[in-house]
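Visitor: Dropping the structure in here first, questions after.
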Amino acid sequence: MAGSAILAVSSTQAHAEDTFSEALAAGKPILESRLRYEGVDQSGLKDGHALTLRSRIGFQSSDFKNMKFLVEFEDTRALDDDYNSTTNGKTQYPAVNDPTVTELNRLQVVWTPSSFTTVTAGRQRIILDDARFVGNVGWRQDEQTFDALKIDTTVGKFAVSYAYLFQVNRVLGETADWDSDSHLLNVTLPISEALKLQAFDYALDFENSPANSTNTLGLRATGQTWLSSVKLAYTGYYAKQTDYGYNTADFDLAAWNADAALTWDMFTVKVGYEVFEGNGTRSFITPLATTHAFNGWSDAMAFSGNKTTANGFKNLSYGLTVAGYTHPSFPLIKNPTLTLVYHDLKTERLSQSIGTEFDAQFAAGLTKNVSLLLKYADFERSNTTMPASRTKVWVGFEYKL
């Protein structure tokens, strides 16, 4: 074990550059651009039209003495701003959380002292598991990043990730950022292809957002197996959340989910059920999550920091994905993927109907560097006490060098 680790380190060093100038010369530029239209028809408001262009430019060095650095700037421009960015004061329009902003997106140094440990310091992207609790909110134009110190290591069969967060750079520009004194701990034990276990503890403390200061402790299991020619994949978690740090409330809430997916050839059918408890005042929350991917693409279930109703929610979802079919009549469409999802939403407390949502998405590559996204979401509320009904349409093109 020790001999293989030494060999791996020696191999890494052999491929590292001899001088810092060589590490710079062997580095790679970062160049990305995403043009996206988001149209929103929401009851009680004017129709919203957001045409935004997000650009990123940066540089990542090659390895020098087991270290490398990365710098990246991000700029979002509104080409059509008939929407409420939450910072432009246009409250007569629906919210589209893509404000005009220019900022330093990432500035990090990565040190790899051994084959089994990596240390990342600075402004960085952190995505844990499937981003259900901690993610970069990559759907929005202004990415969520973290000023943090992160350590990834292995101890025997265990993979351990720990991060201390100094600041959360949120998706609404610098004025919405959170001052942080938070700890993220995630431990993974891969037992087999059919079973991977994880334990996590996310102790979040925000001086300028005390309502989102929470401690979330949980267990997660994932795996996949083959049933003849059909692949079965599953995910499940259970988590408990309590008040923490600057939060003066007193609560003890739980969340759990179970989902299963069957894949045959290009077809995947998925069924999921997720529950966030609520006590009538507040619910289980996920302040650092990428919520867009989970609670319906209309974002009807994403409000400010809480991202749920005070009575929590139950989300029963059904999905179908068709991936990889290329028609000879459309040779420019590469790796197309069609996804359809239906959500039936109820409150966890009192079990009141919230509404239903239908989502559809088509994604494909056009060239090696350019991709296309077409997306639709339709949320219909059950009654006027629930989040407003809305329909959203997206058309997007993205370039990555």
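Visitor: In whole Hz and in residue order, list the ³J(HN,Hα) couplings for the range 276-285 that follow from phi through the Karplus curve 6.51 cos²θ - 1.76 cosθ + 1.60, θ = phi - 60°; x for Gly and Pro.
Guide: 10, 5, x, 10, x, 10, 8, 10, 4, 10
Visitor: I would also like to ask the following. Work through the residues other than Leu219 whose Cβ is under 14 Å from its Cβ and net out their charges, Lys, Arg +1 and Asp, Glu -1. Each step should come with its number before you reach the end.
Guide: Details: positive: Arg132, Lys196, Arg220, Lys240; negative: Asp129, Asp201.
Cβ neighbours under 14 Å give a net charge of +2.
Visitor: Residue by residue, what Karplus-based ³J(HN,Hα) values in Hz, rounded to whole numbers, does the range 254-267 have, using 6.51, -1.76 and 1.60 with θ = phi - 60° and x for Gly and Pro?
Guide: Values per residue, Gly and Pro as x: 10, 9, 7, 8, 8, 9, 9, 9, 10, 10, 10, 6, 9, 9 Hz.
Visitor: Looking only at Val341, Val155, Val275, which one moves most when the chain is put into a Gaussian network model with springs between Cα atoms under 10 Å?
Guide: Greatest mean-square fluctuation among the candidates belongs to Val155.
Visitor: Quick one: length gained pulling Leu366 to Ser353 fully straight, 0.36 nm per residue minus the C-alpha distance?
Guide: Full-extension gain reported as 0.6 nm.
Visitor: Then there is this: Rounded to the nearest 500 deg cm²/dmol, what is the calculated helix-only ellipticity per residue at 222 nm for the chain, with -39500 (n - 2.57) per DSSP H run of length n ≥ 4?
Guide: Estimated from H runs of four or more residues: -1500 deg cm²/dmol.
Visitor: Give me Tyr234, Tyr318 sorted ascending by neighbouring Cβ count inside 10 Å, so fewest comes first.
Guide: So the ranking, lowest neighbour count to highest, is Tyr318, Tyr234.
Visitor: Let me ask you something else. State the answer as a single residue: which of Ala131, Thr248, Thr76 lies farthest towards the positive end of the charge dipole of the chain, with beta carbon charges of +1 for Lys and Arg and -1 for Asp and Glu, about the Cα centre.
Guide: Among Ala131, Thr248, Thr76, the one farthest towards the positive end of the dipole of the chain is Ala131.
Visitor: With a 10 Å radius around each residue's Cβ, average the other Cβ atoms per peptide and rank 224-232, 29-37, highest first.
Guide: Top to bottom by mean Cβ count within 10 Å: 29-37, 224-232.
Visitor: While we're here: Specify the angular offset, from 0 to 90 degrees and rounded to the nearest 10, of the alpha carbon long axis of helix 2-15 from the longest principal axis of the alpha carbons in the chain.
Guide: For 2-15 against the chain, the angle is about 90 degrees.
Visitor: Related question: Where a Cα-Cα gap under 18 Å defines reach, which lysines qualify for Lys46, not counting those fewer than 8 residues away within the same chain?
Guide: Lys90, Lys392
Visitor: Going Cα to Cα from Lys231, which lysines come in below 23 Å? Please leave out same-chain ones fewer than 8 positions away.
Guide: Lys196, Lys270
Visitor: Here is a further query. Output ³J(HN,Hα) for the range 389-396: one whole-Hz value per residue in order, computed from phi by the Karplus curve 6.51 cos²θ - 1.76 cosθ + 1.60 with θ = phi - 60°, and x for Gly and Pro.
Guide: Result, ordered by residue: 5, 7, 10, 10, 10, 10, 10, x Hz.
Visitor: Could you tell me the center-to-center distance, by alpha carbons, between the range 83-107 and the range 120-142 in angstrom?
Guide: Answer, in whole Å: 19.
Visitor: Continuing with the same structure: Among Ala148, Trp264, Leu107, pick out the residue whose Cα is farthest towards the positive end of the charge dipole of the chain, where Lys and Arg carry +1 and Asp and Glu carry -1 on C-beta, about the Cα centre.
Guide: Among Ala148, Trp264, Leu107, the one farthest towards the positive end of the dipole of the chain is Trp264.
Visitor: Local charge sum around Glu207 (other residues, Cβ-Cβ under 11 Å, Lys/Arg +1, Asp/Glu -1)?
Guide: Here the count lands on -3.
Visitor: Okay, moving on. With only Lys, Arg, Asp and Glu charged, each at its Cβ (+1 for the first two, -1 for the last two), find how big the charge dipole of the chain is about the Cα centre; round to the nearest 20 debye.
Guide: That gives the chain a dipole magnitude of about 800 debye.
Visitor: Kindly list the residues of the range 57-93 that lie in the label zone of Val109, defined by a backbone N under 13 Å from the point 7 Å along the Cα-to-C-beta vector.
Guide: Those under the cut-off are 64-70.
Every number here is computed from the coordinates shown, using simple stated rules; none is lab data. As the structure is a computational prediction, the values presented were derived from the model and not from experiment. Glycine also receives a Cβ, built like all others from the backbone with ideal geometry; neighbour counts cover every protein chain displayed.
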